[in-house]
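Following: one structure in structure tokens, then a few remarks.
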Amino acid sequence: MRWAWAVPLVVLAGCSSTGSPPPPPVDEGWQVTVYYTAVESFHSGPSAPVRGCPVIDCDDGDDLLGTFPVSFARAVKDEGTGRTADGRYLNWSHDKGYWLDTEPRDSFGKPLKPFVSAAADGVRTGSRVKLVSCGQTPEGGNVDFAVCQKLAASSWEITDEFTPGLGGERHVDLYLGEETGPGFTESAWYTTFAKAVLEIAPPS
């Protein structure tokens, strides 16, 4: 059975008896999505050559980077990163295209951190985000309990940004790390929450 996961929305004004500042205010009505690093070994089917930059410091690259399953290359373009069979990373961004790397990267060129890195339009880079309530599915149903519990227990930081046109107001995207098997996008982990509640603390 699937259960909704929520944390009581209790925010006390003022400071505690120890003099610590009050917690950040809660912010309701957010859409929560997730993104991940694709793994080549979990993809099969037709292959095609992929061209781009052999290193991160490159513009307008047209080198042959390898031949990869079409579904893997598509997932890299959709999600931004992928681990190849030889252990390197095939990354993609809207302004650079594909490139080979030693790490999965965020939009600023820094390594992505599973269950830490996040993106949100209109939220300052370095802001800390806590998922207070997972809300519901877009259809109005209960969210997956285990997924919600893990995402709510994690401490997120805005270190990434959306591909232009894919974000929008009150939309946060959370990085999960590597996909865990074939058909990952059909699993409970590849999820969307609606009407979620966040705490957002600005950079210190």
message = Can you tell me which residue is nearest to D63 (Cα to Cα) among those in segment 127-144 that are open to solvent by less than 20 Å² (accessible area, probe 1.4 Å) and of a type outside the set (S, T, N, Q)?
response = V129
ask   = Which members of segment 61-105 meet the condition of being acidic (D, E), free of Cβ contacts under 8 Å to residues at least 12 places away in the same chain and either loosely packed, with under 14 Cβ neighbours inside 10 Å or assigned to a strand (DSSP E or B) (or both)?
value = D62, D86, D95
remark   = For segment 164-204 the number of residues that are of a type in the set (V, I, T), open to solvent by 50 Å² or more (accessible area, probe 1.4 Å) and over 13 Å from V34 (Cα atoms) is 1
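Yes/no matrix, rows are residues, columns are (1) small (G, A, S); (2) farther than 15 Å from Y36 by Cα; (3) under 16 Å from the mean Cα position of the chain (by Cα):
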| position | (1), (2), (3) |
| --- | --- |
| A73 | yes, no, no |
| T84 | no, no, no |
| Y89 | no, no, no |
| P111 | no, no, yes |
| E139 | no, yes, no |
| C148 | no, yes, yes |
| D160 | no, no, yes |
task = Determine if segment 112-125 includes at least one residue that is open to solvent by 50 Å² or more (accessible area, probe 1.4 Å), among the charged types (D, E, K, R) and in contact with a Phe, Trp or Tyr (Cβ under 9 Å, 6 or more places away or on another chain).
result = yes
request  = Scan segment 54-74 for residues that are farther than 29 Å from H171 by Cβ and of a type in the set (A, V, I, L, M, F, W, C) and jot them down.
outcome  = V55, C58, L64, L65, F68
query = Can you find even one residue in segment 109-126 that is free of Cβ contacts under 8 Å to residues at least 40 places away in the same chain and more than 19 Å from R74 (Cβ to Cβ)?
reply = yes
request  = Among the residues of segment 49-74, write down those that are under 24 Å from A118 (Cα atoms) and either among the basic types (K, R) or in contact with a helix residue (DSSP H, G or I) (Cβ under 8 Å, 6 or more places away or on another chain) (or both).
outcome  = F72, R74
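The values are calculated or read from the model by the stated rules, or taken from the named source; none is laboratory data. Because the structure is predicted, anything quoted here is derived from the model rather than measured. Because the Cβ atoms are built from the backbone with ideal geometry, glycine has one as well, and the counts that use them run over all protein chains shown. Only protein heavy atoms, including side chains, enter the accessible area calculation; ligands, DNA and RNA are left aside. Shrake-Rupley method; radii C 1.70, N 1.55, O 1.52, S 1.80 Å.
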